[in-house]
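Structure record follows, encoded as structure tokens.
The values are calculated or read from the model by the stated rules, or taken from the named source; none is laboratory data. Computed from a predicted structure; not experimentally measured. Cβ placement follows ideal geometry from the backbone for every residue including glycine, while neighbour counts extend to all protein chains displayed. Quick note on the areas: whole protein, heavy atoms, side chains included, nothing else; ligands and nucleic acids left out. Shrake-Rupley method; radii C 1.70, N 1.55, O 1.52, S 1.80 Å.
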Amino acid sequence: MDQEFRDLIDSLGNMICDRVHEFPVSEIRIAANEDLCTAIVTAYVTHSLSDQDYTAVMARLISAREFYLDELSIGFAISLLDHEDSGGVAEAAGSREFAYSGC
């Protein structure tokens, strides 16, 4: 993976962690594909969110998009953290997955 693309993904991950730190988000995972210039950002929460908190977290995720509009096509999701979550899905699809914890 090109270092410039890796730096771009790290920048996105760190920015999103900063934006959602006041919510019960325990981890951010980004599945990124350099060839397609795509990133799927998933915020993993520790418990179900109220409608208001869900909307607030999603708004903060989406607001990061404007900084990367020229470089990436980005999708966003919020999911409950599953400690038995099987990894490796991103690699099978030709992407790499990056995780940012302690948000």
Handout entry: Failed condition for Glu66, given (1) over 22 Å from Asp2 (Cα atoms); (2) in contact (Cβ under 8 Å) with a residue 40 or more places away in the chain; (3) of a type in the set (D, E, K, R)
Key = (2)
Completion exercise
Within segment 29-72, of all residues that are basic (Lys, Arg) and in contact with a strand residue (DSSP E or B) (Cβ under 6 Å, 6 or more places away or on another chain), the one least open to solvent (accessible area, probe 1.4 Å) is Arg29
Handout entry: The listed residue being among the acidic types (Asp, Glu) and modelled with pLDDT of 90 or more, out of Asp51, Asp85
Key = Asp51
Practice task
Would you confirm whether any residue within segment 43-61 is touching a Gly at 6+ places or on another chain (Cβ under 9 Å) and either hydroxyl-bearing (Ser, Thr, Tyr) or more than 20 Å from Leu81 (Cβ to Cβ) (or both)?
Solution key: no
Fill in the blank from the handout: Taking first residues from segment 1-23 that are touching a residue at least 24 places away in the same chain (Cβ under 8 Å) and second residues anywhere that are assigned to a helix (DSSP H, G or I) and surrounded by 14 or more Cβ atoms within 10 Å (Cβ to Cβ), the pairs with Cβ under 6 Å that are 6 or more apart or on different chains are Met15/Ala64; Ile16/Ala64; Arg19/Arg60; Val20/Val57; Val20/Arg60; Phe23/Val57
Fill in the blank from the handout: Exactly one of Gly94, Gly75 is surrounded by fewer than 17 Cβ atoms within 10 Å (Cβ to Cβ) and modelled with pLDDT under 90, and that residue is Gly94
